[in-house]
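Contents: one structure, followed by commentary.
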Amino acid sequence: TPPAERYEYQAEVSRLMELIVNSLYSNKEVFLRELISNASDALDKLRFLSVTDPELLKEAADLDIRIQTDKDNGIVTITDTGIGMTQQELVDCLGTIAQSGTAKFLKALKDSKDAGGDNNLIGQFGVGFYSAFLVSDRVVVSTKSPKSGKQYVWEGEANASSYTIREETDPEKLIPRGTRLTLYLKRDDKGFAHPERIQKLVKNYSQFVSFPIYTWQERGYTKEVEVDEDPAEAKSDEQDDKTEQKKKKTKTVVEKYWDWELTNETQPIWLRNPKEVTTEEYNEFYKKTFNEYLDPLASSHFPTEGEVEFRSILYVPAVAPMGKDDVINTKTKNIRLYVKRVFISEDFDGELFPRYLSFVKGVVDSNDLPLNVSREILQESRLVRIMRKRLVRKAFDMILGISMSENRDDYDKFWENFGKHLKLGCIEDRENHKRLAPLLRFFSSQSENEFISLDEYVENMKPEQKDIYYIAADSVTSAKNTPFLEKLTEKDLEVLFLVDPIDEIAIQNLKSYKEKNFVDISKEDLDLGDKNEEKEKEMKQEFAQTCDWIKKRLGDKVASVQISNRLSSSPCVLASGKFGWSANMERLMKAQAV
Ligand code: ADP
Ligand code: MG
């Protein structure tokens, strides 16, 4: 037998383990959810690879998860026939911090401490493999990857700073493929080794796992057994001389035996009839699938038939991911693509959604795409173009739904988190301007604290007003104080305040809304319909020399100096040329040039 080699954990791992154990002590049962989710991921990976390499399945054709308990010794084993791990992968995956769930977990931990500590909340986090030590003194991972064909055993103990790896040579312990986890439970946690307890947890936590989960259960069936007849009774029996059978008496007994019992429902939620799925189920699915702890703001579940056939459930998250201010260049893994129920990848969201909608999460399951679908295939496929169109439309319907919610807070929340994305959409997706524009929100001269929609603006327009007025500035305060506003305020005309740098570019891309043009009130040709040509001519003549003089003094700093009826109390204002950049835009361009 080759000797076991000893390895040290990466420093952060020890800290994380300690954190997990200390903060989740009242939520220990999450360990099972975590380990099942790893098994399910490993099965997904194998199924995906086996599409192009069916040989992979020959060691074990069934893709499933089996959980066995030994209550006398306090042992739980979880076995999957997934992708397994090579020796190196054992070191990389179980000796260093796995990224995905961990950062979120640490953040939630901090948030919940700030909020007075709600352990239930943390319990909803993906804390990963190390949660096994919540309930175990010792964890043994025996695993075989088809890549190496060799089986390795990882062994670690709670509160230890190192672990060992050795090759498995005991023929009794060999598995065909995949991973077997053996948990040696802590004294106080041996209750988890009861089959009923495990069964209940699986039903509770893993109802959306799409591979069968079997648990080892004691079952019974009833059986009629013949018993010898009591001689005293026989005598009193009048029908003594009837058939031989009647003389014998039967008794019902329960025969006990142990067997694997299917414990979860494996039909994916998106294949179910939307009418029969509750909001709670959609929310649960969302939280489990995307490792989220807040319910989504909205969801949309729809089958699509006709030219392309696919099913999808889309979600709008409640909050934007933290630390991802750069909406444009952030790589997301928000859309899980399935082909005929086989999980393909979460890396194709860019092919299925425009990047400005990359915050939408969900699953898409297509019956028409080939199982070995690649990015190249997706990019060239006509079907995918149709899918993309439908998905985008559904996403807009869903967002529109939030905007029409009775609870105005919902959309405020949405706008705060994802407003930037929609503005980016105005720039990048001309085709959907009609869907985007009603979703935009702005402050205005008549609503400085609460966002208004363009519909609300139009509603509030004066009968003779033809255009939608806006001013771009770096804040509501500076927008409010601009001299350009004076005349419009006097006439009680509402002006949109574009205070986000991207606002102005978005509006300029839209050009108009409901046939009303967007007009920048800082541009020199602003026409408020109150021009008096005669008077203007007179004024121009009267002040021509003054203007010339000022122009001479300012030289190249200004393009021209003109008389205007734009102001009511300020004597003069710097306006942008008709075709020039607005002051705000100029500021932006300068900022970018730095
Ligand atoms: P995460 O699942 O978020 O990546 P975990 O801590 O749960 O983090 O798991 C760490 C890694 O260990 C996984 O990404 C995977 O590569 C590997 N792993 C864990 N369990 C299994 C398993 N049953 N089969 C194969 N690989 C596994
Ligand atoms: Mg995991």
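If only residues of the stretch 12-66 that are part of a loop (DSSP other than H, G, I, E, B) and within 15 Å of ligand 1 (Cβ to nearest atom) are counted, the one that is farthest from residue 215 (Cα to Cα) is 24. Inside the stretch 500-533, residues that are under 24 Å from residue 574 (Cα atoms), modelled with pLDDT of 85 or more and charged (D, E, K, R) make up a count of 5. Looking across the stretch 280-314, just one residue is within 22 Å of residue 44 (Cα to Cα), of a type in the set (Phe, Trp, Tyr) and part of a strand (DSSP E or B), and that is 310. The set of residues from the stretch 345-376 being closer than 26 Å to residue 430 by Cβ and hydroxyl-bearing (Ser, Thr, Tyr) comprises 356, 358.
For the stretch 67-83, a residue qualifies if it is in contact with a helix residue (DSSP H, G or I) (Cβ under 7 Å, 6 or more places away or on another chain) and part of a strand (DSSP E or B), and the qualifying residues are 67, 69, 70, 75, 76, 78, 80.
Look at residue 369 and say whether it is in a loop (DSSP other than H, G, I, E, B), buried (at least 20 other Cβ atoms within 10 Å of the Cβ) and more than 16 Å from the chain's Cα centre (by Cα). Answer is yes for this residue. Against the condition at positive phi and modelled with pLDDT of 90 or more, how does residue 362 come out, does it pass? Spelling it out, residue 362 is indeed at positive phi and modelled with pLDDT of 90 or more.
Among the residues of the stretch 474-494, not a single one is within 33 Å of the chain's Cα centre (by Cα) and either assigned to a strand (DSSP E or B) or free of Cβ contacts under 8 Å to residues at least 12 places away in the same chain (or both).
Looking at the stretch 177-201, which of the residues that are of a type in the set (Val, Ile, Thr) and away from ligand 2 (no atom under 16 Å from the Cβ) is surrounded by the fewest Cβ atoms within 10 Å (Cβ to Cβ)?
Here the answer is 182.
Per-residue answers, yes or no, for (1) more than 20 Å from residue 320 (Cα to Cα); (2) among the charged types (D, E, K, R); (3) modelled with pLDDT of 95 or more; (4) over 23 Å from the mean Cα position of the chain (by Cα):
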position: 385; (1), (2), (3), (4): yes, yes, no, no
position: 424; (1), (2), (3), (4): no, no, no, no
position: 436; (1), (2), (3), (4): no, no, yes, no
position: 441; (1), (2), (3), (4): no, yes, yes, yes
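Taken together, the residues in the stretch 14-45 that are in contact (Cβ under 8 Å) with a residue 40 or more places away in the chain and within 24 Å of residue 145 (Cα to Cα) amount to 14. The residues of the stretch 320-347 that are of a type in the set (A, V, I, L, M, F, W, C) and at pLDDT 90 or above, listed by number, are 335, 337. Taking the stated definitions as given, is residue 108 in a helix (DSSP H, G or I), more than 21 Å from residue 5 (Cα to Cα), modelled with pLDDT of 90 or more and of a type in the set (A, V, I, L, M, F, W, C)? So residue 108 fails the test. Has the stretch 370-382 got at least one residue that is at pLDDT 90 or above, farther than 22 Å from residue 282 by Cα and not small (Gly, Ala, Ser)? Yes: one or more hits.
Cβ separations smaller than 8 Å between residues 6+ apart or across chains give the following pairs from the stretch 264-280 residues that are surrounded by fewer than 16 Cβ atoms within 10 Å (Cβ to Cβ) to residues that are in a loop (DSSP other than H, G, I, E, B) and of a type in the set (Val, Ile, Thr): 266/209. In the stretch 468-483, the residue that is farthest from residue 511 (Cα to Cα) out of those that are among the aliphatic types (A, V, I, L, M) and surrounded by 21 or more Cβ atoms within 10 Å (Cβ to Cβ) is 479.
The values are calculated or read from the model by the stated rules, or taken from the named source; none is laboratory data. It should be emphasised that the depicted structure is a prediction, and the values quoted were computed from it without experimental measurement. No Cβ is skipped: glycine too gets one built from the backbone with ideal geometry, and neighbour counts run over all protein chains shown.
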